[in-house]
Every structure is written in C-alpha cells, then in structure tokens.
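Here's the structure, in structure tokens; my notes come after.
The values are calculated or read from the model by the stated rules, or taken from the named source; none is laboratory data. Small disclaimer: the values here were computed from a predicted structure and weren't measured. Here the Cβ is made from the backbone with ideal geometry for all residues, glycine too, and neighbour counts use every protein chain on show.
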Amino acid sequence: MIAPDTVPVEQKYQEPLCTQYLSSYSPNLPPTITAGIMILIKIISFHDAKKFIDFDVLVVIASAFGIGKAIENSGIADLIATNLINSLEFAGIIGIIAGLFFITNIYILIFFRQSL
C-alpha cells in the first residue's frame with residue numbers, strides 16, 4: 001500500500017467527467033437552448049418571448065458588471081473591504097455582515113438612483 005504522502009497530486013483528485021466537459025460552457029447556454037427549442041416547436045411565439053424579456057433590467061445588470069470590474073481594477077474594492085473589516089472587527093462576524101449590508105445599500109442608492 002502506498003502512503004498518502006507519496007501519491008502524486010494528479011492521482012489524489014480527478015474531476016468528474018461531466019465537470020470536465022461542462023466547465024468550458026457558459027451557464028447561459030442551457031436556458032438559451034431551451035428557449036430556442038420552445039420557440040422552434042411553437043410552445044411560445046418569438047413575439048411573446050421577446051415581450052417577456054425586461055431589457056431595462058438586463059442593462060442595469062450589464063452596467064453593474066462593468067462598474068464592479070472597474071472598482072476591482074482600480075483597487076477601491078480592496079481598500080473598502082480592508083477598512084470595513086478593520087473598523088468592524090470588534091463587532092464580530094455579525095457586525096461585518098451588517099456593515100457589508102449597509103455599504104451595499106448605499107452603493108445601490110448612489111449608482112442606480114434613477115432606476116429605483
């Protein structure tokens with residue numbers, strides 16, 4: 001029997017086969033395929049499917065990704081996270097979570113004021 005320390009790293013853990021194949025696909029692919037099949041077999045018309053998509057929400061979500069990436073790249077995210085944790089560590093994990101909740105709400109009010 002081989003001791004656990006002598007087993008090569010590759011043999012200690014191997015990803016399941018389904019994970020290897022699905023890891024290269026976007027998580028948006030299955031719903032898109034499903035919607036396409038529903039339109040093709042006429043469960044729902046293209047006009048009705050387009051009517052149910054709220055494009056204003058999609059624009060807000062897309063802009064949130066862009067703003068989040070900009071905040072992360074500029075280093076502001078690290079600065080805010082470090083200061084939040086350091087200033088609220090006396091209150092424990094509940095205080096840090098409450099602080100995160102309030103900071104998130106303030107950012108929502110500032111950045112998405114017009115969409116509320």
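Brief remarks on what is shown
- Scanning segment 12-61 for residues that are in a loop (DSSP other than H, G, I, E, B) and modelled with pLDDT under 80 yields a count of 10.
- Looking only at segment 36-78, and only at residues there that are among the acidic types (D, E) and loosely packed, with under 10 Cβ neighbours inside 10 Å, the one that is farthest from F101 (Cα to Cα): D54
- Pair list, Cβ under 8 Å, 6 or more apart: segment 55-80 residue at positive phi, other residue modelled with pLDDT of 90 or more and part of a loop (DSSP other than H, G, I, E, B): none
- Restricting segment 79-94 to residues that are out of contact with any helix residue (DSSP H, G or I) (no Cβ under 8 Å at 6 or more places or on another chain) and of a type outside the set (A, V, I, L, M), the residue that is surrounded by the most Cβ atoms within 10 Å (Cβ to Cβ): N83
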